[in-house]
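Here is the structure we will look at, set down as structure tokens.
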Amino acid sequence: MNLDFSQIVPFIPFLLKGIGATLQFVSISILLGFILGTLLALCKITNIRLLKIFANVYTSIFRGTPLILQLWIIYFAVPQLTGYDIPEYLTAILAFGLNSAAYVSEIIRAGIMAVDRGQMEAAMALGIPYRPMMLNIILPQAIKNILPALVNEFITLTKESAIVSTIGYLDLMRRAQIIGAQIYRNFEALFLAGVIYWVMVYILTKIGELVERRLRQSDTHS
């Protein structure tokens, strides 16, 4: 086979910078998705019909269309309508954050519904207002139960982050493409990028397992 990994060695520092670029926008995206997802989850369980409809329609749209389509709409279509170009970095955060919010909202909603309803009834009987009740009693318990699912969402976004290379953002995948084009050796560059993605996902998976194990231990001790 015509393989020569020695030619890629000088480009390894350039490729490794893609790890930071990838994790940076993915981390901000999951934070944005968590905040918006929490608000959407609260809208889904509220008695206000318009908020519930909005949250359900939002989730349906972002879960029902491809992430790459949402990315391209923000990067290519929105500037056509507004006349303003959106930088690749901001586009990546918006697309992944808005998409993640739809999935996170369902995770959080399920977590809230899993909390014993008696606690909500007891809080209401004690006269605790709705907002403090949700922030101080219900949401902390729900988040504790869904933390492993949130870690899995972070892992999924990390893997899917490779599609931002299609808009020119210098993530890990884009850097591998640039290296392959410069030295005319795509297999070596893409193979190394694949190994790095696997290592990142493996580490995140182990972190998720550790979090889940700690939660089970804390439940056992309590």
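The values are calculated or read from the model by the stated rules, or taken from the named source; none is laboratory data. Since the model is a prediction, treat every value here as computed from it, not as a measurement. We place every Cβ from the backbone using ideal geometry, glycine too, and count neighbours over all the protein chains shown.
Considering only the stretch 83-142, state which residues are part of a helix (DSSP H, G or I), β-branched (Val, Ile, Thr) and at pLDDT 85 or above.
Hits for the stretch 83-142 are THR91, ILE93, VAL104, ILE107, ILE108.
Residue-by-condition table, conditions (1) over 17 Å from ASN99 (Cα atoms); (2) surrounded by fewer than 14 Cβ atoms within 10 Å (Cβ to Cβ):
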residue: PHE5; (1), (2): yes, yes
residue: PHE14; (1), (2): yes, no
residue: SER29; (1), (2): no, no
residue: ALA55; (1), (2): no, no
residue: LEU67; (1), (2): no, no
residue: GLN80; (1), (2): yes, yes
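Do the conditions hold for GLU88, that is, is it under 23 Å from the mean Cα position of the chain (by Cα), over 24 Å from LEU204 (Cα atoms) and surrounded by 15 or more Cβ atoms within 10 Å (Cβ to Cβ)?
For GLU88, the condition - under 23 Å from the mean Cα position of the chain (by Cα), over 24 Å from LEU204 (Cα atoms) and surrounded by 15 or more Cβ atoms within 10 Å (Cβ to Cβ) - is met.
Table: residues versus (1) touching a residue at least 60 places away in the same chain (Cβ under 8 Å); (2) within 18 Å of LEU39 (Cα to Cα); (3) surrounded by 13 or more Cβ atoms within 10 Å (Cβ to Cβ).
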{"site": "GLY97", "(1), (2), (3)": "yes, yes, yes"}
{"site": "SER105", "(1), (2), (3)": "yes, yes, yes"}
{"site": "ALA114", "(1), (2), (3)": "no, yes, no"}
{"site": "GLN141", "(1), (2), (3)": "no, yes, yes"}
{"site": "ILE155", "(1), (2), (3)": "no, no, yes"}
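Would you confirm whether or not the stretch 49-56 contains a residue that is aliphatic (A, V, I, L, M) and within 15 Å of VAL104 (Cβ to Cβ)?
The answer is yes, given that some residue of the stretch 49-56 is aliphatic (A, V, I, L, M) and within 15 Å of VAL104 (Cβ to Cβ).
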